[in-house]
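Let me give you the structure first, and then I'll get to my questions.
Only the coordinates and a few stated rules stand behind these numbers; no lab work does. Model, not experiment: these values are computed from the prediction. For neighbour counting, all protein chains shown are included, and Cβ atoms are generated from backbone atoms with ideal geometry for every residue, glycine included.
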Amino acid sequence: MLKCLLRLIFFMQMLFAFPVQAGWIGVRVQDSRADDGTVRGVAVVDAGVDTPAARAGLQAGDVIISVKGVPVAATPDFVRIVRETRAGEPVEMRVIKEGKTVVLAPLSSDPPRGIADLQRGIDNLEKRHYDQAVRDFTKILESDPAQENAFFYRARAYHELGTCDRAVADYTKCIELNPKALTAYVNRGRCYDRMNLFEQAVSDFSRAVEMAPKMAPLYVERAYVYLRKGLSDRAIADCTKALELLPTMDIAYRMRADAYAAKGMKQEAQADYERAAAAYIESGLEFARKGNLEGALRRFDSAIQLKTRHSSKAFYNRGVVYEKKGEHVRAVNDYSEAIRLNPSYAEAYLRRGYVFAQKLGDYGNARKDWEKAKSLDPSGEFGRRAAENLGKLGGGR
């Protein structure tokens, strides 16, 4: 479970392939998050070798905040603007580089040879057609054995297929062609970890940290390996650094708590489990606001598993998501568990009453819940809404 949770925090975006008439600058990017967890700008993960981006001075760790005068809040904004730029046009960018805002202007170029084949392989990779993706990338490499991106994505396909030795070989070739390929180091480190090659995994994650010291997820990647090998102090140090960079990072609190627990430091561990649960709930709410209900459920599940004082709130919010998904019995069960853990939870009574009345036709239990919410919060918002519902319910049963 912990490994799955870790992978959720560090998804690298694709190298962007474009229609032939469009320009190309040759970067891999991901959303950049502010300290409060909100997405703000686009972080450069890899600028390639001798690409328009690299020639203009873009480097891993830079954060792009506007392109051609248009603010970029997240990766899709960046992709859209670059795709609308024709080959040969400059792409002026405002970039945060080592804490300072600078202006760079890569000159977009024609996409490199084989980009259509590369995109087809990437599409198959995203569709989980891994064997076909391997064939697509192999075909590219037969005609162009120096195609770094084909090695990179074939390695990803091999990794998904469980052939980590082949993935390592391809990531190594990618690194030989581009020593600044940050994601290749990270992904090769994951392969080494999966192969139980501890020293090699730590070495790759350490190299990634050197290349992008302000990317919090890199420290968590390395901390996970340390924790697996029983090096709790090193895991704690890396998680602490990650939290200095990103104080809302739920998985960093969770992993540091596990490291404290491994050392028998129960008080410190419990404090971090509490922080982790609160952070999971906040990130779950953010997922829900954006319409990603499955992502929200995973975050609330993680909070519930920790069994902290935040559990009632986690059950309540998971119940809201189930309600939105139309899974009304599950919603009632979660609201009931929230109430069991916190008998004074007026909002949970109010919400459970809604489901009883509007979705399940159980007006008797709805009345009981709204009467309880009204008694718990007689002068507050929940009590007022409960009283209104009781008035509308009238004598209904």
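If amide hydrogens are placed 1.01 Å from N in the peptide plane, which non-local residues have theirs closer than 5 Å to the one on residue 92?
The answer is 68.
Compute, for the chain, the length of the dipole vector about the Cα centre, with Cβ point charges of +1 (Lys, Arg) and -1 (Asp, Glu) only. Units Debye, rounded to 20. Write down the numbers at each step before the final one.
On the way: 62 positive and 52 negative charges, 246 e Å.
Charge dipole, the chain, about its Cα centre: 1180 debye, nearest 20.
Additional query: Whole Å is fine, so just give me how far the alpha carbon centre of region 55-94 lies from that of region 163-203.
29 Å
Below 8 Å, C-alpha to C-alpha, sequence gap of six or more: please give me the relative contact order for region 113-191 in percent. All intermediate terms of the calculation are to be shown ahead of the outcome.
Working: 95 pairs, mean separation 18.2, N = 79.
For region 113-191, the relative contact order is 23 percent.
For the chain, what class follows from the C-alpha gyration tensor (a ≥ b ≥ c being the square roots of its eigenvalues): rounded when a/c is under 1.5, otherwise prolate if a/b is larger than b/c, else oblate? Mind showing how you got there, number by number?
Details: a/c = 2.25, a/b = 1.76, b/c = 1.28.
Prolate is the answer for the chain, as a/c is 1.5 or above and a/b outweighs b/c.
Name the residue farthest towards the positive end of the dipole of the chain from the options 177, 357, 293, assuming +1 on Cβ of Lys and Arg, -1 on Cβ of Asp and Glu, about the Cα centre.
It is 357.
Considering only 316, 219, 81, whose Cα is most displaced toward the positive end of the charge dipole of the chain, charges sitting on Cβ of Lys, Arg (+1) and Asp, Glu (-1)?
316
For the chain, what is the calculated [θ] at 222 nm in deg cm²/dmol (nearest 500), taking -39500 (n - 2.57) for each run of four or more DSSP H residues and dividing by its residue count?
Numbers: 19 runs with 243 residues, N = 397.
For the chain, the value works out to -19500 deg cm²/dmol.
Still on this structure: Ranking request for peptides 221-227, 271-277, 127-133, 303-309: highest mean number of other beta-carbon atoms within 10 Å first, then the rest in descending order. All intermediate terms of the calculation are to be shown ahead of the outcome.
Working: 221-227: 25.4, 271-277: 22.3, 127-133: 15.1, 303-309: 19.0.
Ranking, from highest mean packing down: 221-227, 271-277, 303-309, 127-133.
To continue, here is another question. Grab the other residues whose beta carbon is less than 11 angstrom from that of residue 327, score K and R as +1, D and E as -1, and report the net.
Values: positive: 318, 324, 325, 330, 359; negative: 323, 334.
Here the count lands on +3.
Follow-up. Defining a contact as two alpha carbons under 8 Å apart and six or more residues distant in sequence, what relative contact order in percent does region 289-393 show?
Details: 134 pairs, mean separation 17.9, N = 105.
So the answer I get is 17 percent.
Shifting gears a bit: From the phi of every residue in region 330-345, what ³J(HN,Hα) in whole Hz does the Karplus formula 6.51 cos²θ - 1.76 cosθ + 1.60 yield, where θ is phi - 60° and glycine or proline is x?
4, 4, 4, 4, 6, 4, 5, 5, 4, 5, 4, 6, 9, x, 9, 7
Output ³J(HN,Hα) for region 90-107: one whole-Hz value per residue in order, computed from phi by the Karplus curve 6.51 cos²θ - 1.76 cosθ + 1.60 with θ = phi - 60°, and x for Gly and Pro.
3J(HN,Hα) across region 90-107, in whole Hz: x, 10, 6, 10, 9, 10, 8, 10, 6, x, 10, 8, 10, 10, 10, 9, x, 8.
Sticking with this structure for a sec: Less than 21 Å apart at the alpha-carbon level, and either on another chain or at least 8 residues along: which lysines does that give for residue 392?
Residue 392 reaches 359, 368, 372, 374.
Go through 57-63, 374-380 and give me the packing order, highest mean Cβ count within 10 Å leading.
Values: 57-63: 19.7, 374-380: 15.3.
Those peptides, ordered most packed to least, come out 57-63, 374-380.
Got the relative contact order for the chain handy, in percent, Cα pairs under 8 Å and 6 or more residues apart? Kindly include the intermediate steps, with their values, before the conclusion.
Values: 695 pairs, mean separation 32.4, N = 397.
Reported relative contact order: 8 percent.
If packing is taken as the mean number of other Cβ atoms within 10 Å per residue, what is the order of 157-169, 283-295, highest first? Before the final figure, lay out each step's value.
Working: 157-169: 18.2, 283-295: 16.2.
So the order, starting with the most tightly packed, is 157-169, 283-295.
Based on Cβ point charges of +1 for Lys and Arg and -1 for Asp and Glu, what charge dipole magnitude is obtained for region 149-228 about its Cα centre, in debye rounded to the nearest 20?
On the way: 12 positive and 9 negative charges, 29 e Å.
The calculated dipole for region 149-228 is roughly 140 debye.
Ok, one more. Taking the alpha-carbon distance from residue 97 and a cut-off under 23 Å, which lysines remain once sequence neighbours fewer than 8 residues away in the same chain are dropped?
Of all the lysines, those that pass the test against residue 97 - Cα under 23 Å, at least 8 places apart if same chain - are 68, 180, 214, 241.
Okay, next question. Of 130, 107, 64, which is farthest on the positive side of the dipole of the chain, counting Cα position, with +1 on Lys and Arg Cβ, -1 on Asp and Glu Cβ, and the Cα centre as origin?
Result: 130, furthest along the dipole toward the positive end.
What residues qualify as long-range amide H neighbours of residue 32, i.e. H under 5 Å apart, gap of 5 or more or another chain, H built at 1.01 Å from N?
Residues meeting the criterion, in which the H sits 1.01 Å from N, are 40, 41, 42, 43.
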